[in-house]
Amino acid sequence: MAIKHAETPEVLREAVAGGGVVLADYGAAWCPPCRNLLPILDELARDYGDAVTVVKIDCDEQPELAAEAGVMSMPTVIVYKGGQPVDKLIGLSPKSVYTGMLSRHLA
């Protein structure tokens, strides 16, 4: 499955409301660590397919979503399950950290 880009707040809200596992990446186009995270997100979206919805939120374009999530620095990755945030990771990490986080919530 491809990464969904939250061009409107509804994209993220609908994904989270679906009740499955959602990995939301809050970042910005000008942020170097955010750009480095993109290939990892692409791999995660491919690896997990329909089991995980990966949503990218540009904090400059969707400041209200970033504010709702309490994003203070980028990138911030939040995992939602059953409509609620269940895990949060601030800064860039290796792919293994993200897969470990997702595995906990898919089990």
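The values are calculated or read from the model by the stated rules, or taken from the named source; none is laboratory data. A quick note: this is a predicted structure, and the numbers were derived from the prediction, not measured. With ideal geometry, Cβ positions are generated from the backbone for all residues, glycine too; neighbour counts draw on all protein chains shown. In case anyone asks, the SASA skips ligands and DNA or RNA and just uses the protein heavy atoms, side chains included. Shrake-Rupley method; radii C 1.70, N 1.55, O 1.52, S 1.80 Å.
If you go through the range 88-95 one residue at a time, do you hit one that is over 14 Å from the mean Cα position of the chain (by Cα) and of a type outside the set (A, V, I, L, M)?
Looking only at the range 88-95, we keep the residues that are over 14 Å from the mean Cα position of the chain (by Cα), and these are 94.
Next, from what is left, pick out any that are of a type outside the set (A, V, I, L, M): 94.
The answer is yes, given that some residue of the range 88-95 is over 14 Å from the mean Cα position of the chain (by Cα) and of a type outside the set (A, V, I, L, M).
Consider the range 9-38. How many of its residues are more than 13 Å from the chain's Cα centre (by Cα) and either assigned to a helix (DSSP H, G or I) or surrounded by 23 or more Cβ atoms within 10 Å (Cβ to Cβ) (or both)?
Count: 8.
Sort through I3, I57 and tell me the only one that's in contact with a helix residue (DSSP H, G or I) (Cβ under 6 Å, 6 or more places away or on another chain) and modelled with pLDDT under 95.
I3
With the condition kept exactly as written, say whether any residue in the range 70-82 is surrounded by 14 or more Cβ atoms within 10 Å (Cβ to Cβ) and out of contact with any strand residue (DSSP E or B) (no Cβ under 6 Å at 6 or more places or on another chain).
no
With touching a Pro at 6+ places or on another chain (Cβ under 9 Å), open to solvent by less than 40 Å² (accessible area, probe 1.4 Å) and part of a helix (DSSP H, G or I) as the only criterion, which of L89, L65 stands out?
Testing whether each residue is touching a Pro at 6+ places or on another chain (Cβ under 9 Å), open to solvent by less than 40 Å² (accessible area, probe 1.4 Å) and part of a helix (DSSP H, G or I) leaves just L65.
State whether one or more residues within the range 35-44 are in contact with an Asp or Glu (Cβ under 7 Å, 6 or more places away or on another chain), at pLDDT 95 or above and not aliphatic (A, V, I, L, M).
Filtering the range 35-44 for residues in contact with an Asp or Glu (Cβ under 7 Å, 6 or more places away or on another chain) gives 37, 41.
Narrowing further to those that are at pLDDT 95 or above: 37, 41.
Narrowing further to those that are not aliphatic (A, V, I, L, M): none.
Looking for residues that are in contact with an Asp or Glu (Cβ under 7 Å, 6 or more places away or on another chain), at pLDDT 95 or above and not aliphatic (A, V, I, L, M), one finds none in the range 35-44, hence no.
State whether the residues of the range 59-71 include one that is touching a Gly at 6+ places or on another chain (Cβ under 6 Å) and not aliphatic (A, V, I, L, M).
Scanning the range 59-71, I find no residue that is touching a Gly at 6+ places or on another chain (Cβ under 6 Å) and not aliphatic (A, V, I, L, M), so the answer is no.
I'd like to check something: does the range 73-81 contain any residue that is aromatic (F, W, Y) and part of a loop (DSSP other than H, G, I, E, B)?
no
Taking the conditions exactly as written (of a type in the set (D, E), part of a helix (DSSP H, G or I) and under 16 Å from S96 (Cα atoms)), does D50 satisfy them or not?
no
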